Structure formats: structure tokens, C-alpha cells
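One structure is given below, encoded as C-alpha cells.
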Amino acid sequence: MEVPVVKRHFTVKEYHQMAASDILTENDRVELINGEIITMSPIGSRHASCVKRINALLNSKLQQIAIISVQDPLHIGEYSEPEPDIAVLKPRADFYAQQHPTPQDTLLIIEVSETTLPYDREVKLPLYAEAGIVEVWIVNLAQACVEAYTHPSGDKYLEKKQYKKDSSVAVAGIIVAVQDMVA
């Protein structure tokens, strides 16, 4: 008699309890996606440089209108708490000290993809769409471009635009040159 294999999915609450119990530590590079604890890829120097560059650009342009969150948790329902490379958040006086931001707090998610492009497109993008996050950028380092996704519907985005290195993309009324992000 065959016994079926059943996956055990964790809630965000259980995931936090694992951290509080030192089952997971701050040195573990993991995130909770659809109830599964996913090991995140190591961050290469090019990826890290790109995140720092985008952080500096957005902070200089958006410091009065938004909070820029770098590789911090985003609470998406009971079973997911991804850690996007950058989240542009609505301002809040407590800087989200009482709880992690949610999709309703999020103006833009940016994922930098050097080695994780399939994962970002096939796993994270549908998760963000289903959560109703209005805009997601994938900074595609291999092709030196920005893929901008808008108009979430179900687990897809209805609109995708690709911005090459010689173009610009806008967020919250400010313009950012693609070459400044993927240099």
C-alpha cells in the first residue's frame, strides 16, 4: 500500500515562532512562499551593487513621499512573507514598527535578478499579482533592462513593459533612468 506524500505548509505565525525558537536564525537566508520555507540564493556582488544603487536613487528622489525598504519582509496573507530586494512603501510615522508592511502599503516591488529570473517570474510575480501589488519591476541584469508589470488580475499582471538601458521608468511621479539601475 502506497502512502501519499503530503507537504506540511507553515503559516507566517509558525514561521515567526521558528525564528523566536532559534530553529531559524537571522543568518538563515530564507523566505516563506505559499507555506514553504525557501532558501534564497546567495547574493552576488553585482546583485548587491544593483540593490544599493537603486536604494540610493530611490531614497534621493522619494525620501519625502515614500519609505524604501531593502530586503525586508512583506506580509502577504497567512502563508507568505517574501523578502523582496526593494519595496517602495507608503509613508507611516512608525516606519512599520508594529507590523510588517502588507500589499496595501506597497507602491512598488523591485526584484533584482541575476541568477533567479525564472524563480522571480514564475513564483514571486504570481504571488505579488494575487496579493494585488499594483506594480512590480524585475531588474534583469543579464539583459540590462527593467521589466515593469502592472494591472494585477488573479495571479497574473495584465501589462508588461520592458525598458532598455537607454530608457527611463517612472514610479510615484519620479523618473529613473534604467542605466542608473543596471550600470
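No lab work stands behind these numbers, since they all come straight from the coordinates. These numbers come from a predicted model, not from an experiment. Cβ coordinates were reconstructed from backbone atoms using ideal geometry, including for glycine residues, and neighbour counts include every protein chain displayed.
By the scheme Lys and Arg +1, Asp and Glu -1, what is the net charge of all other residues having a beta-carbon under 11 Å from that of Val70? Net local charge, Val70 excluded: -2. Stretching Ser41 away from Ala183 to a fully extended chain increases their span by 49.0 nm, per 0.36 nm per residue minus the current alpha-carbon distance. The slack between Ala48 and Lys165, meaning 0.36 nm per residue of separation minus the straight C-alpha distance, is 40.2 nm. Quick check: the angle from helix 45-62's long axis to the longest principal axis of the chain, C-alpha only, nearest 10 degrees? That works out to roughly 60 degrees. On the basis of the beta-carbon distance and an R0 of 30 Å, Glu122 and Gln63 show a calculated FRET efficiency of 0.35.
Once the chain from Leu158 to Ala172 is taken as fully extended at 0.36 nm per residue, the excess over their C-alpha distance is 3.1 nm. Among the listed pairs Lys124/Lys164; Lys52/Lys165; Lys13/Lys52; Lys90/Lys160, a Cα-Cα separation exceeding 26 Å is found for Lys13/Lys52.
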